[in-house]
Structures are given as C-alpha cells and as structure tokens.
1. Extending each Cα 7 Å along its Cβ direction at residue 94 and residue 54, get the distance between those two points in nm, one decimal.
2. Quickly work out the residue 31-to-residue 184 label distance, labels modelled 7 Å from Cα along the C-beta direction, and quote it in nm with one decimal.
3. In Å and from the alpha-carbon atoms only, list the Rg and Dmax of segment 107-148.
4. How big is the shadow of the Cα convex hull of segment 2-224, averaged over all directions, in nm²?
5. Translational diffusion coefficient, Stokes-Einstein: compute it for segment 90-218 using the Kirkwood radius over C-alpha pairs as Rh, at 20 °C and 1.002 mPa s, and state it as an integer in µm² s⁻¹.
6. Treating the beta-carbon of each Lys and Arg as +1 and of each Asp and Glu as -1, no other charges, what is the dipole magnitude of the chain about its Cα centre, to the nearest 20 debye?
7. What residue among 164, 127, 25 has the largest mean-square fluctuation in a Gaussian network model of the chain, using Cα springs under 10 Å?
8. What whole number of Å gives the distance from the Cα centroid of segment 13-61 to the Cα centroid of segment 142-199?
Amino acid sequence: MGEAVGQILALAVVVAISPIPIIGVVLMLSTPHARSNGPAFLLGWIAGLSTAGAAILLLSSGADASSGGSPADWVNGLKLVLGVLAVAMGLKQWRERPRAGEEPQMPGWMDSVDHFTPAKAAGFAVVLSAANPKNLLLVVAAAAAIAQTGASTGSEIAALAIFVAVATLGPGIPVAMYFALGERSKAMLDNLRGWMATHSNAIMTVLLIVIGAKLIGDAISGYAA
C-alpha cells in the first residue's frame, strides 16, 4: 500500500487546497445555518470524492492497470493526457487572473449561500468535489495511480480512503475551526477567505502546472521502463 499512497499524496494535497471549495465553505460558516451546512458540505465532499474515486478505481483495476509490476501502457497514456490537460488548465487560470485593481470573479452560487439548506450545501459539495473538471482530473489520476500498483483490493481501498481524507483537509479545517473556536474563528476565516479569493488563480496555476509536469514525467518514465 505504501507505493499507492506515495503515488496519490501530492494529488490529494492539490485537491485539498483548491481555493473555491474553501471559500465556499467559509462563506457557509458565516451564515445563520453554519452549524448544519458546514458538516453537510463536508459529507457531500467526502461522498463525491469517494464515489468518483471508487468508480474510476474499479474501471482501472478491471482494465489491467498493472503489467508485470509496472503501469500498463494505457495508464502511461492516460497520465500523459491528464498531465497535458493539467498544464493547459493551469495556463488558462493564469490568463484569467484578475489584473491590478480588479476584483476576483467568484462563482454566482456563492451569492446565495445564505439560503442554502443542508441538502443544497451537500449537493454543491458533490459537484465541486466530483464534477468540477479540475478535481475530476486529479481524482482520475489518483485512481489510475492506485490501480497501477497492482495492490490488493484492501490496500487499494485504504489508499483511496487516505486520498479522500487528505483531500478533505482543505474544507475540513475551516469547519473544525468554526466548531472549536466559535465566534473567535470569524476573523481568521474571513482573512483566509479574502486571501484565497485574491490569490486563487495564482494558486491553481502553480498547482496544476506542477502536477501536470509530474504526470507527464511519470508517463515518460513509464514508457521508458
């Protein structure tokens, strides 16, 4: 299992520090329904990542992702494609960054978080975790990386659980701060939200390009082996 965990930790960290989900959950924690919507968001986030990861892992394992202890050729091809897409997304984020003096553009749904029910908070979390193109790319890469190790089913499940746990730290830490510190967390969470909103494009640019380069490098190494 150690090899599988080593393959997915960097991918999980990128999912964890994606700015939009963190900003979204912090906004929810500033509403009158924070005590119900914060945990609901986390449950939806975990459910989305787990379901998408398990489905892709099942498909990858069934397609013989491991060949003689090495990644199958199709896994190397998938990594190459995902790596190129990640770099392209990173460059797109950089082109769309706010210029000096401009306010960063946030998704429209953030304006209505005051009216979210727990079900709606969970639903948005599922979409952000599993249907968002950037996260989906990373989940696909993680599931393929786990499957390529040829580990036992139990080890694959454990590695996926670790991926989900690490990827949940981003939105999970603000929720934990809210429940642990109460009103004292408000200033810290507001500062976090403001910083993330201001630098979201730069953060995602760096993360996507670095992960894209890693995936491309892994694919080249796999083909050369």
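Readers should treat all values here as calculations from the given coordinates under stated rules, not as data from a laboratory. What you see is a predicted model, and the numbers here were worked out from it, not measured in a lab. Here Cβ is always computed from backbone atoms with ideal geometry, including for glycine, and neighbour counts include all displayed protein chains.
1. Output for this residue pair reads 3.9 nm.
2. Distance between label points: 2.7 nm.
3. That works out to 13.7, 44 Å for Rg and Dmax.
4. Mean projected area for segment 2-224: 12.4 nm², to one decimal.
5. My calculation gives 124 µm²/s for D.
6. 340
7. Among 164, 127, 25, the largest GNM mean-square fluctuation belongs to 127.
8. Here the answer is 8 Å between Cα centres.
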